[in-house]
1. Would you mind finding the one in A:R248, A:R231 that is within 14 Å of B:K274 (Cβ to Cβ), touching a helix residue (DSSP H, G or I) at 6+ places or on another chain (Cβ under 6 Å) and of a type in the set (K, R)?
2. Considering only residues that are under 23 Å from the mean Cα position of the chain (by Cα) and part of a loop (DSSP other than H, G, I, E, B), which ones fall in region B:63-92?
3. Just checking, does region B:153-174 include any residue being facing chain A (nearest Cβ under 7 Å) and either of a type in the set (S, T, N, Q) or crowded, with 19+ Cβ neighbours inside 10 Å (or both)?
4. Among the residues of region B:237-266 satisfying the criterion of being over 18 Å from A:F269 (Cα atoms) and free of Cβ contacts under 8 Å to residues at least 12 places away in the same chain, which is farthest from the other protein chains (Cβ to nearest Cβ)?
5. Please work out if B:E209 is more than 7 Å from chain A (Cβ to nearest Cβ) and either aromatic (F, W, Y) or within 19 Å of A:S286 (Cβ to Cβ) (or both).
6. Scanning region A:184-238 for residues that are under 19 Å from A:I80 (Cβ atoms) and of a type in the set (S, T, Y), which turns out surrounded by the fewest Cβ atoms within 10 Å (Cβ to Cβ)?
7. Given (1) more than 29 Å from the chain's Cα centre (by Cα); (2) at the interface with chain B (Cβ under 7 Å from one of its Cβ atoms); (3) surrounded by fewer than 18 Cβ atoms within 10 Å (Cβ to Cβ); (4) at pLDDT below 95, identify the lone condition not met by A:S302.
8. Considering only region B:1-40, how many residues are part of a helix (DSSP H, G or I) and of a type in the set (V, I, T)?
Protein chains: 2
Amino acid sequence: MNFQRIAVIGPGLLGGSLVRAIAERAPFSKEKGEGVEVRVWGRRPEVVAQLQAMGEAELASTDLAEVVAGADLVVLATPIGVMADCVRRLIDAGALGVGAVVTDVGSVKASVVAEIEPLVSASGAHFIGSHPMAGSEKNGLEYAEAALFEGAACLLTPTPLSDAGALERVDEFWQWLGAHTSRLSPEAHDRAVAMVSHLPHLVAALLVESVLGRSPEVAAFAGGGFRDSTRIASGHAEMWTEILLENREAVREALADFHRLTGESLAFFDDLKKEELHRLLADAKSRRDGFRMNGPHTPPQS
Amino acid sequence: MNFQRIAVIGPGLLGGSLVRAIAERAPFSKEKGEGVEVRVWGRRPEVVAQLQAMGEAELASTDLAEVVAGADLVVLATPIGVMADCVRRLIDAGALGVGAVVTDVGSVKASVVAEIEPLVSASGAHFIGSHPMAGSEKNGLEYAEAALFEGAACLLTPTPLSDAGALERVDEFWQWLGAHTSRLSPEAHDRAVAMVSHLPHLVAALLVESVLGRSPEVAAFAGGGFRDSTRIASGHAEMWTEILLENREAVREALADFHRLTGESLAFFDDLKKEELHRLLADAKSRRDGFRMNGPHTPPQS
């Protein structure tokens with residue numbers, strides 16, 4: 001891992017976990033000339049004070065230019081909607097060095113890459129989109145943990161304009177943190193995550209509303225199946241609204257397909273189509289049995 | 001717990017776990033006159049041999065009358081579709097004693113109770129429907145465990161014809177095994193489980209088919225959210241086909257409601273209804289955050 005000074009922009013669950021993971025793997029010592037210097041920017045003074053108290057970053061500040069100055073890697077870990085604005089501010093402040101590498105942790109890529117890549121390129125730095133698929137329904141710095149990326153999938157989304165060296169270095173960075181990296185175009189990424197992440201989130205929320213919204217009293221009879229199939233509905237509502245709308249075309253398509261399939265299955269009950277119902281359940285069982293995740297990066301939680 | 005000889009009919013996950021749980025809690029000793037005698041019936045000789053090798057039941061046999069003779073509690077743990085036939089066979093064999101108590105572990109109740117209650121009553125014994133909400137996507141004797149019922153919800157479904165003493169004794173039996181019991185009419189039970197158990201199962205299967213059935217290659221990018229929200233789709237396809245069709249009216253109603261809600265949410269993406277989408281996610285989060293299961297009876301599994 002060949003970055004020397006890493007600036008993390010936004011100290012939420014992912015940003016905070018990055019700070020911890022880097023500090024744990026390569027403790028910084030100015031005297032010995034060892035380790036990786038990690039700096040972190042937060043918008044709110046009280047969160048910056050919390051970061052300072054944690055003591056894992058060399059610098060925690062609300063001053064974006066100060067945090068990014070001299071960094072060879074900048075990781076955008078803010079909400080997706082403010083990433084481009086952050087980049088504009090740090091370019092305007094002259095804080096982004098020529099040859100520096102910028103990446104992000106956003107869960108939608110096509111719109112983000114299309115907006116940020118040209119800005120960063122024009123300033124002589126390199127942008128590579130990243131999506132570490134880690135995290136849980138818990139949000140915020142207080143849940144940050146150094147091991148969050150271990151065993152997680154991390155999707156890199158280079159474009160034909162990406163710098164090959166920067167792509168390699170970002171890939172190495174995530175592998176150094178324990179993630180399994182893959183590469184996909186930003187558009188293929190957005191279609192894939194609409195299916196494996198955004199649709200399941202929406203379905204979990206619809207299931208909760210359809211069951212507990214309609215008949216709160218049945219909660220007393222719910223067991224492990226309901227618990228697990230709705231766990232992700234506890235995710236941060238603002239963050240997920242933003243993610244789903246940022247990726248709305250791919251999500252709409254995945255949801256429409258799911259809705260069509262759900263409608264077809266209604267007919268199994270109207271017309272007592274035992275064979276068709278059995279085929280649906282047997283196919284789903286066989287596909288789910290064959291599913292193996294890359295790693296145990298999100299421990300199931302109640 | 002005041003049963004002395006318990007006959008378990010059907011050694012699957014639930015029946016096998018019952019045998020283990022009873023043997024562990026009240027080890028039987030003829031010499032000392034201690035404990036509860038547990039007997040178990042299996043249809044297939046190889047499973048009976050397996051039960052004999054386990055050594056936890058006093059008697060394991062393919063002979064229904066032999067197993068039930070002298071039992072003061074008979075627990076039907078076969079698939080729902082063959083329960084009534086089992087009861088007819090043991091009544092015909094004269095094996096069911098006057099005053100004996102019969103219960104079951106079936107996950108659908110109205111149809112089962114309506115068929116079995118009059119048969120059992122006519123023979124001078126008492127039937128009380130039970131539904132211990134334990135188990136997982138794993139099936140069969142090899143997954144049986146004594147602790148399966150600890151902390152699980154167990155729904156008892158008495159009718160106006162139920163014997164009050166038998167109801168109390170069945171209630172005590174499940175509590176003795178560690179379950180939290182509640183009482184509901186068979187019809188209210190079926191509506192409740194359609195929502196908290198049968199609909200989630202169907203939705204998990206539809207989600208797997210909609211995602212992996214359509215685009216198997218995206219499995220590589222799936223994380224903990226997809227894993228947990230689809231876990232129950234690995235359940236036994238034949239058993240679930242039977243359960244869903246046995247309870248088809250209530251399942252159809254729950255599924256139709258879910259389908260309608262899913263259709264409404266499609267419009268959030270067509271018309272960019274940010275506020276409505278946010279309200280759905282925030283309501284679902286708040287309801288899911290408020291959900292607490294009775295106990296940790298189904299450990300999440302990958």
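The values are calculated or read from the model by the stated rules, or taken from the named source; none is laboratory data. Being a predicted model, the structure only gives us computed values, none of them experimental. Positions of Cβ are backbone-derived with ideal geometry, glycine not excepted, and every protein chain shown enters the neighbour counts.
1. Checking each option against the conditions leaves just A:R248.
2. B:A71, B:D72, B:A77, B:T78, B:P79
3. Within region B:153-174, one or more residues are facing chain A (nearest Cβ under 7 Å) and either of a type in the set (S, T, N, Q) or crowded, with 19+ Cβ neighbours inside 10 Å (or both).
4. Only one residue fits best here, namely B:E264.
5. For B:E209, the condition - more than 7 Å from chain A (Cβ to nearest Cβ) and either aromatic (F, W, Y) or within 19 Å of A:S286 (Cβ to Cβ) (or both) - is not met.
6. The selected residue is A:S185.
7. The failed condition is (1).
8. Going through region B:1-40 one residue at a time, the tally reaches 2.
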